[in-house]
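Rule-based calculations on the coordinates, nothing more; no lab input. Nothing here was measured: the structure is a model prediction, and the numbers come from that model. Every residue, glycine as well, gets a Cβ built from its backbone with ideal geometry; the counts of neighbours run over all protein chains shown.
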Amino acid sequence: MHYVTTKSSSQFASISSKNGLLTVRPAGPNLGEREAMIIANDVKPIMDSIGGAMRGLVLDLSDVAHMSSFGLGMCIELRNHAKTLNATTVIYRMSDELTELFKMMKVDRLYTIAKTAKDLAAATAA
């Protein structure tokens, strides 16, 4: 099977794809309405171009300290889009504050949460 490796960036995120795994790392420290809309609009066409070869989406939140409801909505929107491509979604390096937000909004169960590189490797193993 042939996989394409790409790297790109949107105005508010770095985006890379390798071996069917798409990684999106929003720039921090805030993920609000404007940033969330632009990131979602930049990422979904990339997901579609990978199509059936996409096996996973990693949302690397290591640079994000604060997230509005729009940022949370973007995470859910991208997860739902990945699901239509039969890809799993992993949230990586989320702060304790964001972890509490995800738990409070009861959306943490939609994702595999990876705190360390070892957790991420296990969650994304082919």
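Structure notes:
- Against the conditions (1) assigned to a loop (DSSP other than H, G, I, E, B); (2) touching a helix residue (DSSP H, G or I) at 6+ places or on another chain (Cβ under 7 Å); (3) of a type in the set (G, A, S), G71 satisfies every one except (1).
- Among the residues of the range 72-116, just one is at positive phi and surrounded by 20 or more Cβ atoms within 10 Å (Cβ to Cβ), namely R93.
- Sole exception among (1) under 22 Å from G32 (Cβ atoms); (2) touching a residue at least 24 places away in the same chain (Cβ under 8 Å) for M104, by number: (2)
- Picking from residues in the range 30-71 that are out of contact with any strand residue (DSSP E or B) (no Cβ under 8 Å at 6 or more places or on another chain) and of a type in the set (K, R), the one that is nearest to Y92 (Cα to Cα) is K44.
- Only listed residue being hydrophobic (A, V, I, L, M, F, W, C), over 17 Å from A125 (Cα atoms) and surrounded by fewer than 19 Cβ atoms within 10 Å (Cβ to Cβ), chosen from A53, A65: A65
- The residues of the range 20-54 that are out of contact with any Phe, Trp or Tyr (no Cβ under 9 Å at 6 or more places or on another chain) and on the phi > 0 side of the Ramachandran plot amount to a single one, G51.
- Condition met for D119 (surrounded by 13 or more Cβ atoms within 10 Å (Cβ to Cβ), in contact with a helix residue (DSSP H, G or I) (Cβ under 7 Å, 6 or more places away or on another chain) and of a type in the set (D, E)): no
- In the set S95, S62, only one residue is farther than 16 Å from S14 by Cβ and not acidic (D, E); that residue is S95.
- Taken over the range 96-126, the criterion of being among the small types (G, A, S) and either within 19 Å of N80 (Cβ to Cβ) or assigned to a helix (DSSP H, G or I) (or both) is satisfied by A117, A121, A122, A123.
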